[in-house]
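In what follows, a structure is listed as structure tokens, so that the remarks can point back to it.
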Amino acid sequence: MNRTLLALALAALCSSAQAQPADPNFGRNLAAPCAMCHGTNGVNAGGLPNIAGQPADHLAKQMRDFRDGKRPAMIMHQISKGYTDPQIDALAAFFAAQKAK
Amino acid sequence: MNIPFSRREFIKLVGAGAAGTALSGCASTPETKKPIARVIVIGGGYGGATAARYIRAWGGGAIEVFLIERSTQFVSCPLSNLVLGGSRRIEDLTMGYGKLRDEGVVVLHDEVTAIDPGKKRISLTKIADLNYDRLVVSPGIDFMHDQIAGYDAEAQKTVLHAWKAGPETVALRKQLEAMKDGGVVVLSIPKAPYRCPPGPYERVSQIAFYLKQAKPRSKILVLDGNEDIVSKKGLFLAAWNELYKGLIEYKPNNEVKEVLAKAGSVKTDFDTFKGDVLNVIPPQKAGSIAAQAKLITTNNRWCDVDWLTMESKAVPGIHVLGDATLSAAAMPKSASMANGHGKIAAAAIVAQLTGQPVNAQPVIANTCFSYVSDAEAMHVASVHRYDAEKKTLLPVAGAGGVSAKRNELEKSYADSWAKNIWADSLG
């Protein structure tokens, strides 16, 4: 195997290990715990705005801003640090695809 | 002997069942289609109700889900300390299982007497035996009264723990109301691990909140079996000093070993303490059905699980959730975690029953609020990610933390958390 192929194979292996893009439920499973504050599938049951149906770019930016200290928060600055960039993108894509009702 | 449901009985039970999978938004499977499998969930608390709801939804209606729960009403432990403080009523924390039924979960109010993992069958008190393809056991906790001398059935009539929300919560509130001004409330905390690490300290705050208004010459004496405040220490100490100065006496390393109910006192290794109201929280273990089913693996108390699927390490094919599990490192026994366990199990069970790969990287989050008055609260948060090497869920380093300070916005977030986790668990 030449060096380029090896590098490509390794890169593919790493990215699949990190983000598992092949798993169709990757975003759904990651997003499920968010429901305890944000509501099932991001549809809020009272007290907070819906995150369901908001644009993915906007959601991902808020998560990164919380994580990087650019947007102050009471809780989300602590929670957002638990997620990698691919995970944040998957969360944002999942919630963006939900109906706000 | 296996006694299956009669066809009529079954249709009655499932009834409106196939109706909805509101959670998934997918069209439900037509009622005429035979389910691909049956999952039975034992225990309708935060863990079990969540698992039932999500299996129903994520299975697209193709998986039949039975939820066995002895109580007809769900009473939330989170927020139940506010009943003691007086800012909530028990009715505010009490809900039925009707919405789960609307989403197609078959909710049966009965008690499981035996589990036969070989035959994949459970026995109940009121209805015939039921077969399952996968079983979820979410039994909550039982109390080890026998670890405290004198805490027998008679003593338990007057010395309450109120560590399961419900009638005892209301009864303890009545004891506080009946106490004279100038009285002493003794509250004892068992050694960790126990259900809800910050819960006892929240309770101290709520009782102090009540005493400050109604009986300001009274005192609450805290006998902690632990060497220090187990959770949110700095935040609780600040609240106690700033809001309830002189009302709270805290004694660490004071495990209650004996209850003298008639004398109205408790004994530690060092001393005897007299109180007008005794609130003794016993040590805890997995709910009794766990022992019956031989699911207990550790210290005769807790059930170790495979954190990828929540499957028991003792009995294959049975998933164990919530407070009954042998907690992973830095994982609290909390409603948030039980809700998260329910989702890990739901995803795994749906994958197993439909021939898909099980999620190799589960991530769950914990957010626990503590109310220190009727107006202010504070939180602890963490994110727990599966570590493939250590084969357990571990808190993500650098994530999570506690509130900077208790405040009113946290209280509104806590109220919102409750509404959302109730709706997420119960529909």
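Would you pick out the residues in the stretch A:42-62 that are within 7 Å of chain B (Cβ to nearest Cβ) and modelled with pLDDT of 95 or more? Break it down stepwise before answering.
The initial filter retains those residues of the stretch A:42-62 that are within 7 Å of chain B (Cβ to nearest Cβ), namely A:44-48.
Of everything in the stretch A:42-62, those that are within 7 Å of chain B (Cβ to nearest Cβ) and modelled with pLDDT of 95 or more turn out to be A:Asn44, A:Ala45.
If you go through the stretch B:287-326 and pick out every residue that is crowded, with 24+ Cβ neighbours inside 10 Å and of a type in the set (Val, Ile, Thr), you end up with 4.
This table checks each residue for (1) part of a strand (DSSP E or B); (2) touching a residue at least 24 places away in the same chain (Cβ under 8 Å); (3) closer than 30 Å to B:Tyr201 by Cβ; (4) in contact with an Asp or Glu (Cβ under 8 Å, 6 or more places away or on another chain).
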residue: B:Ala51; (1), (2), (3), (4): no, yes, yes, no
residue: B:Arg56; (1), (2), (3), (4): no, yes, no, yes
residue: B:Val65; (1), (2), (3), (4): yes, yes, no, no
residue: B:Pro78; (1), (2), (3), (4): no, yes, yes, no
residue: B:Asp92; (1), (2), (3), (4): no, no, yes, no
residue: B:Arg101; (1), (2), (3), (4): no, yes, no, no
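Which one is nearest to the chain's Cα centre (by Cα), of the residues in the stretch B:111-136 that are within 20 Å of B:Gly287 (Cα to Cα) and of a type in the set (S, T, N, Q)? For the stretch B:111-136, the residue satisfying everything is B:Thr113.
Could you list, in sequence order, the residues of the stretch A:48-84 that are among the polar types (S, T, N, Q) and surrounded by 15 or more Cβ atoms within 10 Å (Cβ to Cβ)? The answer is A:Asn50, A:Gln54, A:Gln62, A:Gln78, A:Ser80. Of B:Asp102, B:Asp92, B:Asp146, all but one fail to be more than 30 Å from B:Val280 (Cα to Cα), surrounded by fewer than 17 Cβ atoms within 10 Å (Cβ to Cβ) and modelled with pLDDT of 95 or more; the exception is B:Asp102. For B:Gln284, the requirement of being surrounded by fewer than 22 Cβ atoms within 10 Å (Cβ to Cβ) and in contact (Cβ under 8 Å) with a residue 24 or more places away in the chain is not met.
B:Ile364 meets all of the listed conditions (1) surrounded by fewer than 19 Cβ atoms within 10 Å (Cβ to Cβ); (2) under 21 Å from A:Ala90 (Cα atoms) but one, namely (1).
Being touching a residue at least 12 places away in the same chain (Cβ under 8 Å) and outside any loop (DSSP other than H, G, I, E, B) narrows it down to one of A:Met36, A:Met63, so name that one.
Values: A:Met36 fails: touching a residue at least 12 places away in the same chain (Cβ under 8 Å).
None of the others qualify; the one that does is A:Met63.
Checking each residue in the stretch B:362-377 for being more than 15 Å from A:His77 (Cα to Cα) and either out of contact with any Leu (no Cβ under 9 Å at 6 or more places or on another chain) or more than 8 Å from every other protein chain (Cβ to nearest Cβ) (or both) picks out B:Cys368, B:Phe369, B:Ser370, B:Tyr371, B:Val372, B:Ser373, B:Asp374, B:Ala375, B:Glu376, B:Ala377. Residue check: B:Arg385 meets all listed conditions (1) under 21 Å from A:Ile75 (Cα atoms); (2) facing chain A (nearest Cβ under 10 Å); (3) surrounded by 23 or more Cβ atoms within 10 Å (Cβ to Cβ) but one, namely (3).
Across the stretch B:327-361, the qualifying residues are those that are farther than 22 Å from A:Gln78 by Cα, polar (S, T, N, Q) and more than 10 Å from every other protein chain (Cβ to nearest Cβ), and the one among them that is surrounded by the fewest Cβ atoms within 10 Å (Cβ to Cβ) is B:Thr354. Would you confirm whether or not the stretch B:42-49 contains a residue that is under 19 Å from B:Asp133 (Cβ atoms) and either modelled with pLDDT under 95 or part of a loop (DSSP other than H, G, I, E, B) (or both)? Yes - at least one qualifying residue is present in the stretch B:42-49. Residues in the stretch B:397-427 that are among the hydrophobic types (A, V, I, L, M, F, W, C), under 27 Å from B:Ala51 (Cα atoms) and more than 7 Å from chain A (Cβ to nearest Cβ): B:Ala414, B:Ala418, B:Trp422, B:Leu426.
Within the stretch A:46-60, take every residue that is of a type in the set (A, V, I, L, M, F, W, C), in a loop (DSSP other than H, G, I, E, B) and touching a residue at least 24 places away in the same chain (Cβ under 8 Å) and give me the one that is farthest from B:Val396 (Cα to Cα). Per the criteria, the residue is A:Ala52.
The values are calculated or read from the model by the stated rules, or taken from the named source; none is laboratory data. All values reported here derive from a predicted model rather than from experimental measurement. Heads up, the Cβs are rebuilt from the backbone with ideal geometry, glycines too, and the neighbour counts pull from every protein chain shown.
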